[in-house]
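Below is one structure; the comments refer to it alone.
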Amino acid sequence: MPTVLGFEGSANKIGVGVVRDGRVLANPRRTYVTPPGTGFLPGDTARHHRAVILDLLQEALTEAGLTSQDIDCIAYTKGPGMGAPLVSVAVVARTVAQLWNKPLLGVNHCVGHIEMGRLITGATSPTVLYVSGGNTQVIAYSEHRYRIFGETIDIAVGNCLDRFARVLKISNDPSPGYNIEQMAKRGKKLVELPYTVKGMDVSFSGILSFIEDVAQRMLATGECTPEDLCFSLQETVFAMLVEITERAMAHCGSQEALIVGGVGCNMRLQEMMETMCQERGAQLFATDERFCIDNGAMIAQAGWEMFQAGHRTPLSDSGVTQRYRTDEVEVTWRD
């Protein structure tokens, strides 16, 4: 019964998780929250992670009721992500692996989301909509790779939402996306925004530029409310995501859709995806904020699969990479 400890810290979340044979034994997490109207800078985020990561490690071991002797492998996020936070976590993972004399595994962040989603929901071979602050991809598994069928050609959907939140000075606590979702529920007017789907790919930078340009003028003249703008932005970008996911499902002949990534917590996105799946006679799988949002257990779970398949990361190759595509990983643990 291998037990894997996973470190995640690719953006503003820092988490340490413990997984044993498909059971999440611990999954504590902290979030670096900045003032309204601001984002998080790599250096500041890395300092936050360094300040709390050892406490999180102890918290995870205590919650799981384990000691270092019970851990069989140390997994960490190799990428993609922000450089400084990735490095700060990788250094700790390497150090712990050497101190405890455990094998090390560098995990692709995106693959971690997918494997966690599959574990928690029981989805067998879904078309995956991966939506977060740094990534937007439609993925399906084929011949030992997670193949990318469509993706953003500029910024991620989560980044679009986060940057719009700064325009309206929406709080970053617990997250700007969550607060936009709550405001959107009170929106009553749909403001027409650019809808940009290019084949299987999507673009969010034009929508963001447009709404940044008109937001203050429309609010000042009373044409709409902040809630209306949140509602309109969500409806538009989520419709784009549903469209390309449905197209990928049709291409693959898939009867399952799985939403992963931090934006996947959004109940309106889940509702729109559920409607599409029902119309296709397909099934939607999604998780809640414990596992959608970046967390250590997802890295531990992907690490567990890799460990069982015989993967190991030598110390000489245990760096990080900010650009690490989902389809670069050879998925040897699936048929």
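The values are calculated or read from the model by the stated rules, or taken from the named source; none is laboratory data. No experiment lies behind these values; they were computed from the predicted model shown. Cβ coordinates were reconstructed from backbone atoms using ideal geometry, including for glycine residues, and neighbour counts include every protein chain displayed. What goes into the accessible areas is simple: the full protein's heavy atoms, side chains included, and nothing from ligands, DNA or RNA. Shrake-Rupley method; radii C 1.70, N 1.55, O 1.52, S 1.80 Å.
For the reader, a short list of remarks on this structure follows.
- The lone exception for ARG334 - which of (1) touching a Phe, Trp or Tyr at 6+ places or on another chain (Cβ under 8 Å); (2) part of a helix (DSSP H, G or I); (3) surrounded by fewer than 16 Cβ atoms within 10 Å (Cβ to Cβ); (4) not β-branched (Val, Ile, Thr) it fails: (2)
- Condition check for CYS252: open to solvent by 20 Å² or more (accessible area, probe 1.4 Å) and farther than 20 Å from ILE148 by Cα: no
- Just one residue in the set VAL33, VAL24, VAL18, VAL89 is crowded, with 24+ Cβ neighbours inside 10 Å, over 16 Å from THR313 (Cα atoms) and touching a residue at least 12 places away in the same chain (Cβ under 8 Å); that residue is VAL18.
- Some residue of region 314-325 being in contact (Cβ under 8 Å) with a residue 12 or more places away in the chain, part of a strand (DSSP E or B) and either buried (at least 20 other Cβ atoms within 10 Å of the Cβ) or within 15 Å of the chain's Cα centre (by Cα) (or both): no
- Criterion violated by GLY253 - all others in (1) in contact (Cβ under 8 Å) with a residue 24 or more places away in the chain; (2) farther than 22 Å from GLY206 by Cα satisfied: (1)
- GLY106 meets all of the listed conditions (1) small (Gly, Ala, Ser); (2) open to solvent by 30 Å² or more (accessible area, probe 1.4 Å); (3) at negative phi; (4) in contact with a Phe, Trp or Tyr (Cβ under 9 Å, 6 or more places away or on another chain) but one, namely (2).
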